Amino acid sequence: MSETDGADLLPALVTELPGPNARRIVELDREVCSPSYTRPYPFVARRGQGAMVEDVDGNRFLDFTAGIAVVATGHCHPRVVEAIQRQAAELLHMSGTDFYLEGLARLAQKLAAIAPGEGDKKVYFGNSGTEAIEGAMKLARYHTGRDKFIAFLGAFHGRTMGALSLTASKTVQRKRFGPLIPGVYHIPYAYCYRCAYGLQPETCAVECATVIERELFRTLVPASEVAAIVVEPIQGEGGYVVPPPKFLQELRRIATAHGIALVFDEVQSGMGRTGKMWACQHAGVSPDILAVAKGIASGMPLGATIASAEFMDWGPGAHASTFGGNPVSVAAALTTIELLEQGLADNAAQLGAAMMDRLRDWPLRYSVVGDVRGQGLMIGIELVTDPVSKQKAPEYRDRVVQEAFRRGLLVLGCGENVLRLMPPLVLEKPQADFALDVLEDVISRL
Ligand code: PLP
């Protein structure tokens, strides 16, 4: 698949969906793969280039999922592929936990330099988002000597037992897995587009944050026992919720005032997705610990937990992972960051703004659109039953996802009733226009 002419930038369907090869593989998958996977439609990927992915029957789709916000530089960016191939021919693995690796140190140096906040930083490497969060939880406990956590309703931080204890997005993710770790307190996220208290956004944001001091610290848990407040600067799986900057600023104030670590989970919102390297930079706030994964290595498994050098004070043996920071993922990450700095993050800012310009009045023009929100190429469209009651309409959202698939556009949902748009950051304007044309047409017919 090449993108040498403009036609290759857009979908082309050559069989019915699913095609014969896809049908066979879906059938095999049903027999042998874990039923816990959620597949909204029968898309079976074979290869990808840029923002396009082709299925096993030769149908070409526009990918507005980026493999769940992972392929930041697009599918198979030639420079990323070259870096991976070069590294794979030289050294696949030696384990950064027991031996030194030049790439590992160079990537840590780079991440430390671009991570938000002043001063020297250190980096721990794992393989995934959930591991980056486990690292953050353990480091927060280790450094503070405290054991409790504050997290938010709607949060998604991963599915291993520690991270799952913070996750509060859908009950299906927790059902029958308890008991999870004790001492995790969940409070409302700043749902300012539909305030739980009926307040204006800025006031609402302060209300949501200060409930920690006004209520939690008085009634449930002393501040002196809280190791960390863990928060997504933009809620992802919970519904692409963008809080007002004041929310993160207040959390920063509260954490500092009480000696609590502030952990930003930028697993989904980081690596240029919002038009800046980190979503928290839009609010001008830095965390004590930053969790990163997904887009960091353009599709290779890698996670990072980044903290100030002073904060990362654990000693040898305290935490490690055999595969974390393997040379091939590291090579992909170093090239990914170069590409983000050479213009992809700016492209996300510009194309995201152009898309928002077009989307802004959809809640006025379409009775089923309750809200449109986002930053850069992380955009959520909320589907509701009607403009007055604004009741959540998951069935409309699901219909849009299905119909978009039938027209060659891959999108996913999040939250109960939100359509999430998270294309690769190499997206081009005609592709953004195509996706919005499809969505507008489908939505206008609901
Ligand atoms: N944190 C956030 C904000 C996420 O969106 C996700 C995954 O969707 C995770 C953590 C978990 O990442 P992983 O699936 O790589 O473990």
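The values are calculated or read from the model by the stated rules, or taken from the named source; none is laboratory data. Just so it is clear, the model here is predicted, and its values are computed rather than measured. Positions of Cβ are generated from backbone atoms using ideal geometry, with glycine treated the same way; all protein chains shown enter the neighbour counts. Quick note on the areas: whole protein, heavy atoms, side chains included, nothing else; ligands and nucleic acids left out. Shrake-Rupley method; radii C 1.70, N 1.55, O 1.52, S 1.80 Å.
Just need log10 I(q)/I(0) for region 118-158 at q = 0.22, 0.31 Å⁻¹, Debye formula, equal scatterers on the alpha-carbon atoms, no solvent, rounded to two decimals.
-0.89, -1.09
Just need the relative contact order of the chain here, percent rounded to a whole number, with Cα pairs under 8 Å and 6+ apart.
Dividing the mean separation by the residue count of the chain yields 21 percent.
Under 8 Å for C-alpha pairs, at least 6 residues apart: give me the relative contact order for region 82-340, rounded to a whole percent.
Computed over region 82-340, the figure is 30 percent.
How much FRET efficiency would the formula 1/(1 + (r/R0)^6) give for Arg253 and Ile181, where r is the Cβ-Cβ distance and R0 is 35 Å, rounded to 0.05?
Details: r = 27 Å, r/R0 = 0.76.
Once the sixth-power term is evaluated, E becomes 0.85.
Given Leu439, Gln350, Leu111, which one lies farthest toward the positive end of the charge dipole of the chain, if we put +1 on the Cβ of every Lys and Arg and -1 on the Cβ of every Asp and Glu?
In the chain, that residue is Leu439.
Listed highest first by mean packing, meaning other Cβ atoms within 10 Å per residue, what order do 12-20, 271-279, 336-344, 223-231 come in?
On the way: 12-20: 14.7, 271-279: 25.8, 336-344: 19.6, 223-231: 22.4.
The most tightly packed comes first, giving 271-279, 223-231, 336-344, 12-20.
Compute the separation of the alpha-carbon centres of region 267-328 and region 10-60 and state it in Å as a whole number.
31
Between Val32 and Gln342, what is the label-point separation in nm under the 7 Å Cα-to-beta-carbon projection?
Distance between the two pseudo-spin positions: 4.0 nm.
Quick one: accessible area per residue over region 82-340, 1.4 Å probe, rounded to a whole number of Å²? Intermediate results must be reported in sequence, preceding the final value.
Values: 10570 Å² over 259 residues.
Accessible area per residue: 41 Å².
What fraction of the DSSP beta bridges in the chain is antiparallel, stated in percent and rounded to the nearest 5?
Roughly 65 percent of the DSSP beta bridges within the chain come out antiparallel.
By per-residue mean of other Cβ atoms within 10 Å, what is the highest-first order of 377-383, 245-251, 319-325?
377-383, 245-251, 319-325
State which entries of Lys121/Lys170; Lys110/Lys294; Lys175/Lys276; Lys148/Lys246 exceed 27 angstrom in Cα-Cα distance in the structure shown.
Values: Lys121/Lys170 34 Å; Lys110/Lys294 17 Å; Lys175/Lys276 36 Å; Lys148/Lys246 24 Å.
Those over the limit are Lys121/Lys170; Lys175/Lys276.
Test of understanding: express the Cα radius of gyration of the chain as a ratio to 2.2 N^0.38 Å, with N the residue count.
Ratio of Cα Rg to 2.2 N^0.38 Å: 0.96.
Any idea how far apart Leu91 and Asp398 come out in nm if each label point goes 7 Å out from Cα toward Cβ?
About 5.0 nm separates the two model spin labels.
Using +1 at the C-beta of Lys and Arg and -1 at the C-beta of Asp and Glu, which of Ser165, Ala155, Gly178 has the Cα lying farthest in the positive direction of the dipole of region 144-183?
About the Cα centre, the residue reaching furthest to the positive side is Gly178.
What is the percent carbon and sulfur in the accessible area of the chain, measuring with a 1.4 Å probe over the protein chains and ignoring ligands?
53
Averaged per residue, what accessible area in Å² does region 1-63 show with a 1.4 Å probe, protein chains only?
I get 58 Å² per residue for region 1-63.
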